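The values are calculated or read from the model by the stated rules, or taken from the named source; none is laboratory data. Because the structure is predicted, anything quoted here is derived from the model rather than measured. All Cβ positions, even for glycine, are placed from backbone atoms using ideal geometry, and neighbour counts span all protein chains on display. Surface areas here come from the heavy atoms of the whole protein model, side chains and all, with no ligands, DNA or RNA. Shrake-Rupley method; radii C 1.70, N 1.55, O 1.52, S 1.80 Å.
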Amino acid sequence: QVQLVESGGGLVQAGGSLRLSCAASGRTLSLHGMGWFRQAPGKEREFVAAISRSNGKTYYPDSVKGRFTISKDNAKNTVFLQMNSLKPEVTAVYYCAADRRPYYGLGPLDYSGITYWGQGTLVTVSS
């Protein structure tokens, strides 16, 4: 069993930066794909970023490329999401996610295939 715990959310001014952290515990060796989704009020949960535990490759949708960066610290079983140049439209609850299936950073994580979710951390960007 795996537990994911997010931290780092909060209120930030437009143009500022935040770094979210996701600490994994339990049977972490079973995890291959790690990433982040977000969900704004009244909207569908949206894929944000992913990283392969095996080769370190990353994948982002066009909506965040150049502004968000996902990284990992294998020794600490932690995944990070660095968010720069923040705009009010990125305000949402951000969820850490993990997949036990093989993942190589060649595409987005499949929402239906996520096996573990964090509780979510709220990111609010003020104008």
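Which of the residues spanning segment 90-104 are buried (at least 20 other Cβ atoms within 10 Å of the Cβ) and closer than 14 Å to Val48 by Cα?
Within segment 90-104, Val90, Ala92, Tyr94, Tyr95, Cys96, Ala97, Ala98 meet the criteria.
List the number of the failed condition for Gly113; all other conditions in (1) small (Gly, Ala, Ser); (2) open to solvent by less than 40 Å² (accessible area, probe 1.4 Å); (3) modelled with pLDDT of 95 or more hold.
The failed condition is (3).
How about segment 1-68: which strands (runs of 3 or more DSSP E) wholly inside it have at least 1 residues that are basic (Lys, Arg), within 11 Å of the chain's Cα centre (by Cα) and closer than 20 Å to Gly107 by Cβ?
Counting at least 1 such residues, we get 33-39.
Do we have any residue at all in segment 70-89 that's surrounded by 12 or more Cβ atoms within 10 Å (Cβ to Cβ), modelled with pLDDT under 95 and either in contact with a strand residue (DSSP E or B) (Cβ under 9 Å, 6 or more places away or on another chain) or among the charged types (D, E, K, R) (or both)?
For segment 70-89, residues surrounded by 12 or more Cβ atoms within 10 Å (Cβ to Cβ), modelled with pLDDT under 95 and either in contact with a strand residue (DSSP E or B) (Cβ under 9 Å, 6 or more places away or on another chain) or among the charged types (D, E, K, R) (or both): present.
What do you reckon, is Ser17 in contact (Cβ under 8 Å) with a residue 12 or more places away in the chain, surrounded by fewer than 13 Cβ atoms within 10 Å (Cβ to Cβ) and farther than 18 Å from Gln119 by Cβ?
The answer is yes for Ser17.
Only one of Lys57, Lys65, Lys43 is out of contact with any Ser or Thr (no Cβ under 6 Å at 6 or more places or on another chain), closer than 16 Å to Gly120 by Cα, open to solvent by 60 Å² or more (accessible area, probe 1.4 Å) and not hydroxyl-bearing (Ser, Thr, Tyr); which?
On the way: Lys57 fails: closer than 16 Å to Gly120 by Cα; Lys65 fails: closer than 16 Å to Gly120 by Cα.
So the residue among Lys57, Lys65, Lys43 that is out of contact with any Ser or Thr (no Cβ under 6 Å at 6 or more places or on another chain), closer than 16 Å to Gly120 by Cα, open to solvent by 60 Å² or more (accessible area, probe 1.4 Å) and not hydroxyl-bearing (Ser, Thr, Tyr) is Lys43.
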